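All remarks here apply to the structure that follows.
The numbers here are math on the coordinates, done by the rules we state, and not lab data. What you see is a predicted model; the values in this text were computed from it and never measured. In this analysis, Cβ positions are derived from the backbone assuming ideal geometry, glycine residues included, and neighbour counts consider all displayed protein chains.
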Amino acid sequence: MSNSNGYQGLYGGLSIKEIHLKKGLQRGQIIFDHMGSTELAANLFSATQAYEKIRREKIKGKEKANQTHYVVGKTVRDTIKKLGGAMPEDLPIPNGSIKQLDKKETKTLKTKAKEKEK
């Protein structure tokens, strides 16, 4: 989800820059690369539901689409709150980006495969 309005709805009004600061991300680091599964799922759910609402209700125009992203993000946030879950901005970031974790896992799997060949 690249729409900043969706982030603002889901993250309690925080901008992308403010989310970066709160999570301790460096300039150039992509938020999605530093999300755990719960946070990623909330973002994906929000984005897909906004897209479907825009399509289903034939919402036209950038302003109305942005407002829809915000409202859907806020609705997802409100649901998380109602269920007693942690707010997305308060969720910890994984130990490394998804790319780093994938590289590490690939290396581990290759090492295990070599050990089995012996």
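Rundown of residues vs (1) under 13 Å from the mean Cα position of the chain (by Cα); (2) within 22 Å of LEU40 (Cβ to Cβ), yes/no style:
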residue: ARG56; (1), (2): no, no
residue: VAL72; (1), (2): no, yes
residue: ASP78; (1), (2): no, yes
residue: ASP90; (1), (2): yes, yes
residue: ILE93; (1), (2): yes, yes
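Within segment 12-48, take every residue that is of a type in the set (Ser, Thr, Tyr) and closer than 25 Å to ASP102 by Cβ and give me the one that is surrounded by the most Cβ atoms within 10 Å (Cβ to Cβ).
SER46
Could you tell me how many of the residues in segment 1-29 are outside any helix (DSSP H, G or I), touching a residue at least 12 places away in the same chain (Cβ under 8 Å) and within 26 Å of ALA65 (Cβ to Cβ)?
5
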